[in-house]
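To start, the structure itself, in structure tokens.
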Amino acid sequence: MSATNNVAQARKLVEQLRLEAGLERVKVSKAASDLMGYCERQARADPLLVGVPASENPFKDKKPCAIL
Amino acid sequence: MATDGLHENETLASLRSEAESLKGKLDEERAKLHDVELHQVAERVEALGQFVMKTRRTLKGHGNKVLCMDWCKDKRRIVSSSQDGKVIVWDSFSTNKEHAVTMPCTWVMACAYAPSGCAIACGGLDNKCSVYPLTFDKNENMAAKKKSVAMHTNYLSACSFTNSDMQGCDKKAMVWDMRSGQCVQAFETHESDINSVRYYPSGDAFASGSDDATCRLYDLRADREVAIYSKESIIFGASSVDFSLSGRLLFAGYNDYTINVWDVLKGSRVSILFGHENRVSTLRVSPDGTAFCSGSWDHTLRVWA
């Protein structure tokens, strides 16, 4: 019984590895430049990256005006 | 019978050797494409300036460790769950508690806000995932309206309203196709348990945080790890990670009570945030990216901006 289980498991593993081996991959240089491109395009819209003025960020305290 | 046994052994041996050769082939294929490091390509990107991020709100009310939190799509409400058995919905602007549900068990390890904003899901040691519709009617008993949506054979460690197609189990991160139920990619480079995984905003990569004190970035199209975020001085595990909206920053909460902010492209740390008085257990950036919230074993949640 355990022998058939082992074979079944081994078969599943081989099938899974075949799937993974057959994947189409890109070079790291291409993948890296794509990631960089995405960051650059989205940078302006990232409040935590570029910072937003206190008046626009609901979490930042708006400083009250002081009359000197 | 004897011949059957022999046949089985041959098949097993041949399958095992095929598996080994396939693993070797996979490593070869991945290595072939490793022509450059991400941080090298990122050398031409402008370095990030100084970051000033502070705790802007502290949410107090849980009686024990905060284990999980999630943001509502309205960018202000937060749901959190705790070892005290309570699930609380907060208005993060005012820090008011809007709803509180007592679960029948302690260690509510997972909670999530429905995209509609009208319900929350949670679960933990009760092995169930329950959905509670949120009501502002004081006469309604929230607990009475609860619906059980899933029964697991062990405790619920995470739940999400959208297809959560990633899973960190042991040292392996696996990517699943939800339609076929197949694992399509697997990555095993961490040296210890993975505690948290999060997709890069473009969907082409994901980050992981692990007990080996590192966070790593895996690119799905290159099918390999492309960055490690670590420092010799960081020796405690990372419990939770999340990206800023553009994917340039990675926020990671650690078991040494700190939050480290990493430059995803250059691989360097840009900031370290202190404030929590115990392990950071959960961390999520708000839907519009203006802030992020961290939950801790110190019973509180902090909103940083």
Problem - Per-residue mean of C-beta atoms belonging to partner chains within 10 Å, peptide B:11-22 - result: 5
Problem - Loop trypsin sites (Lys or Arg not before Pro), the stretch B:205-305, which have at most 13 other Cβ atoms in a 10 Å radius of their Cβ (DSSP) - result: B:Lys231
Fill in the blank from the handout: Scoring only Lys, Arg, Asp and Glu (+1, +1, -1, -1) among other residues with Cβ under 11 Å from the Cβ of B:Ser240 yields +2
Handout entry: Rough spin-label spacing in nm, given labels placed 7 Å along Cα→Cβ, for B:Val36 and A:Asn6
Key = 4.8
Fill in the blank from the handout: When B and A pair up, the total accessible heavy-atom area removed from solvent (1.4 Å probe), in Å² to nearest 100, is 4500
Exercise for the section: Using a 10 angstrom cutoff on alpha carbons, build the Gaussian network for chain B and name the most mobile of B:Gly117, B:Gly267, B:Gly237. Expected result: B:Gly117
Problem - Semi-axis lengths (Å, descending) of the ellipsoid that matches the C-alpha gyration tensor of the protein assembly as shown - result: 39, 29, 16
Completion exercise
To the nearest Å², the heavy-atom accessible area per residue of chain A with 1.4 Å probe amounts to 68
Completion exercise
Sorted largest first, the C-alpha extents of the stretch A:2-51 along its principal axes in whole angstrom are 61, 24, 10
Fill in the blank from the handout: In a Gaussian network model of chain B with springs linking alpha carbons closer than 10 Å, the residue among B:Trp107, B:Trp176, B:Trp262 that fluctuates most is B:Trp176
Problem - Hull volume in cubic angstrom per residue (convex hull over the Cα atoms of chain B) - result: 163
Exercise for the section: Give, as a single signed number, the net charge of other residues whose beta carbon lies under 14 Å from the beta carbon of A:Gln42, with Lys and Arg counted +1 and Asp and Glu -1. Expected result: -2
Exercise for the section: Please calculate how many Å² of accessible area chain B carries per residue, with a 1.4 Å probe and no DNA, RNA or ligand atoms counted. Expected result: 46
Fill in the blank from the handout: Counting only protein heavy atoms with a 1.4 Å probe and every protein chain in place, the carbon and sulfur fraction of the accessible surface of chain B in whole percent equals 47
Practice task
Under a 10 Å cutoff between Cα atoms, tell me which one of A:Val28, A:Val52, A:Val14 has the largest fluctuation in the Gaussian network model of chain A.
Solution key: A:Val14
Handout entry: Centroid-to-centroid separation of the stretch B:83-132 and the stretch B:234-304 [C-alpha atoms, Å]
Key = 21
Exercise for the section: Please report, as a whole percent, how much of the solvent-accessible surface of chain A comes from carbon and sulfur atoms (probe radius 1.4 Å). Expected result: 55
Problem - Peptide B:220-233, shielding by other chains (average Cβ, 10 Å cutoff) - result: 3
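The values are calculated or read from the model by the stated rules, or taken from the named source; none is laboratory data. Small disclaimer: the values here were computed from a predicted structure and weren't measured. Counting neighbours? That spans all protein chains shown, and the Cβs are built from the backbone with ideal geometry, glycine included. Keep in mind that these areas ignore ligands, DNA and RNA; they rest on the heavy atoms of the full protein, side chains included. Shrake-Rupley method; radii C 1.70, N 1.55, O 1.52, S 1.80 Å.
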